[in-house]
Amino acid sequence: MKLYNLKDKNEIVNFSQAVKLGLGKKQGLFFPTELPILNKETLKKLLKMDFINRSSKILSILIGDEIKEEFLFKFVKKSFSFPIPKLKKVKKNISCLELFHGPTLAFKDFGARFMAQILSHLNKNEITTILTATSGDTGAAVAHAFYKIKNIRVIILYPKGKISKYQEKLFCTLGKNITTIAIDGTFDECQSLVKEAFNDCELRKITGLNSANSINVSRLLAQICYFFEAYSLIPEKQKKKELIISIPCGNFGNLTAGLLAKSLGLKIKSFIAATNSNDTVPRFLKTGLWNPKNTISTISNAMDISQPNNWIRVEELFKRKNWNLKKLGFGSVSEKETTSTLKELRNLGYVSEPHAAIAFNLLNKKIKKKQFGLFLGTAHPAKFKETVENILQEKINIPKSLLIRDKLPLLSNKLKLNFKKLKEFLLKK
Ligand SMILES: *Cc1c(COP(=O)(O)O)cnc(C)c1O
């Protein structure tokens, strides 16, 4: 697999390099040079396979002979070691694809765990520092994915006081090779610190920096796999209808992966890019103006991002495929609507959480009779316990894995929003 840097198309790397580098020159993201299209036969065969076999096959087609298929199979088996349950029917023509049954109860487990497997495979003897910013869920997924993996240390920055109690407990209680830092600032500001660190050649070299946020191409590729699984789970009766998938977007990694699945030939009619009040993309699609505002804190905090990293990949893919960006569904959902949508879902018999509710809200508004709609369940409601219980006025079930972590003390460090301080910290550690 070859990939080029979106900011400097002369920089071409292979998959292993892209995974290790994370970002290219000028902080450019990598994008595949080839966009294979699977023929009908192959698609049909793939859709009949089980999740693990199918996923390693798809990844092997994309990555090529750089990593043997038997290795990919092993990595996939290790990383996708938790179920994707049958689609949860919410209404006659709308179901939820629940991606939150992994160790940290969010879809990010898929990408983070696959990336950990790939990195530890590529990285035999060197020391690597994973530096990543999180608005809540990435941190947990990355921390758990890399926990106790040899020669890799993980540093996670998160906006102090802007993530939920359970989110914090989930990844700030691990210790060992996992260090967490609460920063006085927003998620975007944490992300800027990470970018600055990557720009610092000295720091990059000494610490063997690597980022594990959704810009890493290994995470993106892993996420393509569950769109195929989603398709294979659609009940026969609904298969004839057009498939429309609504995605709660933050950094737009999930949407990029979905679009890549479509570009491979998976029959998805269209996507809806759903955001909360941090609506840079919906405003851009409406007006053609890219005008990020200050990030606002919402109850769907994993989507509190006003400068989404992966958007540039979405645009590139539309360009390369000659697709019309006007056909991409979009919308933003206010706090008030998110709240009432959670109640609406409850009345339909489905306990959800704010992120998925945003995706459902827009899907429910836009879906047509001849269509079947899926929205992505990106996190377990328990991760947003206080919010959900407050809104629904009822207790919700908390999975055991979370209850165990809740009893452990927080091990986080605290730092001001200051790059020099961060650099000192990283070099000292
Ligand atoms: C990360 C996250 C999102 C946003 O996903 P992107 O791929 O960054 O767009 C949505 N919902 C939840 C629960 C998340 O953790």
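List the helices (runs of 4 or more DSSP H) inside the stretch 213-271, counting only whole elements, that have at least 2 residues being under 17 Å from Glu315 (Cα atoms) and within 12 Å of the ligand (Cβ to nearest atom).
253-263
Given the conditions (1) within 16 Å of the ligand (Cβ to nearest atom); (2) in the same structural domain as Glu229 (by TED's automatic domain parsing), report the number of the one that Gln371 does not fulfil.
(1)
Can you confirm whether Leu285 is surrounded by fewer than 22 Cβ atoms within 10 Å (Cβ to Cβ), within 16 Å of the ligand (Cβ to nearest atom) and over 26 Å from Gln167 (Cα atoms)?
For Leu285, the condition - surrounded by fewer than 22 Cβ atoms within 10 Å (Cβ to Cβ), within 16 Å of the ligand (Cβ to nearest atom) and over 26 Å from Gln167 (Cα atoms) - is met.
The conditions are (1) surrounded by fewer than 24 Cβ atoms within 10 Å (Cβ to Cβ); (2) modelled with pLDDT under 95, and Gln191 fails exactly one of them. Which is it?
Checking Gln191 against (1) surrounded by fewer than 24 Cβ atoms within 10 Å (Cβ to Cβ); (2) modelled with pLDDT under 95, the one that fails is (1).
Here are some conditions: (1) of a type in the set (A, V, I, L, M, F, W, C); (2) surrounded by fewer than 16 Cβ atoms within 10 Å (Cβ to Cβ); (3) modelled with pLDDT under 95. Ile12 meets all but one. Which one does it not meet?
Result: Ile12 fails condition (3) only.
Residue by residue through the stretch 136-194, note down the ones that are in contact (Cβ under 8 Å) with a residue 40 or more places away in the chain, part of a loop (DSSP other than H, G, I, E, B) and not small (Gly, Ala, Ser).
Lys160, Lys162, Ile163, Cys172, Thr173, Leu174, Asp184, Thr186
Quick check: is even one residue across the stretch 243-257 surrounded by fewer than 22 Cβ atoms within 10 Å (Cβ to Cβ) and either over 25 Å from Pro36 (Cα atoms) or touching a Phe, Trp or Tyr at 6+ places or on another chain (Cβ under 7 Å) (or both)? If you could, list the steps in order and put the result at the bottom.
Step one: list which residues in the stretch 243-257 are surrounded by fewer than 22 Cβ atoms within 10 Å (Cβ to Cβ), which gives 243.
When the remaining residues are screened for being either over 25 Å from Pro36 (Cα atoms) or touching a Phe, Trp or Tyr at 6+ places or on another chain (Cβ under 7 Å) (or both), the result is 243.
Yes; the residues of the stretch 243-257 include at least one that is surrounded by fewer than 22 Cβ atoms within 10 Å (Cβ to Cβ) and either over 25 Å from Pro36 (Cα atoms) or touching a Phe, Trp or Tyr at 6+ places or on another chain (Cβ under 7 Å) (or both).
Which condition does Asn418 not pass, out of (1) more than 15 Å from the ligand (Cβ to nearest atom); (2) farther than 25 Å from His144 by Cα; (3) not assigned by TED's automatic domain parsing to the domain that holds Leu174, if it passes all the others?
Status for Asn418: all satisfied but (3).
Of the residues that sit in the stretch 143-188 and are among the small types (Gly, Ala, Ser) and closer than 19 Å to Thr298 by Cα, which one is surrounded by the fewest Cβ atoms within 10 Å (Cβ to Cβ)?
Gly161
In the stretch 85-111, what count of residues is obtained for those that are touching a residue at least 12 places away in the same chain (Cβ under 8 Å), assigned to a loop (DSSP other than H, G, I, E, B) and either out of contact with any strand residue (DSSP E or B) (no Cβ under 8 Å at 6 or more places or on another chain) or under 23 Å from Thr134 (Cβ atoms) (or both)?
The total comes to 9.
Filter the stretch 38-65 down to residues that are β-branched (Val, Ile, Thr) and closer than 14 Å to Leu266 by Cβ and give me whichever is surrounded by the most Cβ atoms within 10 Å (Cβ to Cβ).
Applying the filter and picking the extreme gives Ile58.
Going through Lys74, Lys26 one at a time, which residue ends up being part of a helix (DSSP H, G or I) and at pLDDT below 95?
Selected residue: Lys26, the only one of Lys74, Lys26 that is part of a helix (DSSP H, G or I) and at pLDDT below 95.
Tally the residues that are of a type outside the set (Asp, Glu) and surrounded by 15 or more Cβ atoms within 10 Å (Cβ to Cβ), restricting the search to the stretch 196-209.
Matching residues across the stretch 196-209 total 7.
Among the hydrophobic types (A, V, I, L, M, F, W, C), surrounded by 23 or more Cβ atoms within 10 Å (Cβ to Cβ) and under 25 Å from Lys416 (Cα atoms), is that true of Ala140?
yes
Evaluate the stretch 224-243: report whether one residue or more is under 20 Å from Ile152 (Cβ atoms) and in contact (Cβ under 8 Å) with a residue 40 or more places away in the chain.
Checked the stretch 224-243: no residue is under 20 Å from Ile152 (Cβ atoms) and in contact (Cβ under 8 Å) with a residue 40 or more places away in the chain.
Taking the criterion of being surrounded by fewer than 24 Cβ atoms within 10 Å (Cβ to Cβ) and away from the ligand (no atom under 16 Å from the Cβ), would at least one residue in the stretch 96-103 satisfy it?
Among the residues of the stretch 96-103, not one is surrounded by fewer than 24 Cβ atoms within 10 Å (Cβ to Cβ) and away from the ligand (no atom under 16 Å from the Cβ), which makes the answer no.
For every residue, the table says whether it meets (1) of a type in the set (Gly, Ala, Ser); (2) within 30 Å of Lys195 (Cβ to Cβ).
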| position | (1), (2) |
| --- | --- |
| Glu335 | no, yes |
| Lys343 | no, no |
| Ala357 | yes, no |
| Lys365 | no, no |
| Leu410 | no, yes |
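Residues of the stretch 375-414 being touching a strand residue (DSSP E or B) at 6+ places or on another chain (Cβ under 6 Å) and either within 15 Å of the ligand (Cβ to nearest atom) or not in a strand (DSSP E or B) (or both), which ones?
Phe375, Leu376, Gly377, Thr378, Ala379, Ser412
Going through the stretch 272-282 one residue at a time, which ones are assigned to a loop (DSSP other than H, G, I, E, B) and surrounded by fewer than 24 Cβ atoms within 10 Å (Cβ to Cβ)?
Ser277, Asp279
From Ile272, Ile305, Ile247, which residue is among the aliphatic types (A, V, I, L, M), at pLDDT below 95, in contact with a helix residue (DSSP H, G or I) (Cβ under 9 Å, 6 or more places away or on another chain) and under 17 Å from Pro354 (Cβ atoms)?
Ile305
The values are calculated or read from the model by the stated rules, or taken from the named source; none is laboratory data. As the structure is a computational prediction, the values presented were derived from the model and not from experiment. Note that we place each Cβ from the backbone using ideal geometry, even for glycine, and neighbour counts take in every protein chain shown.
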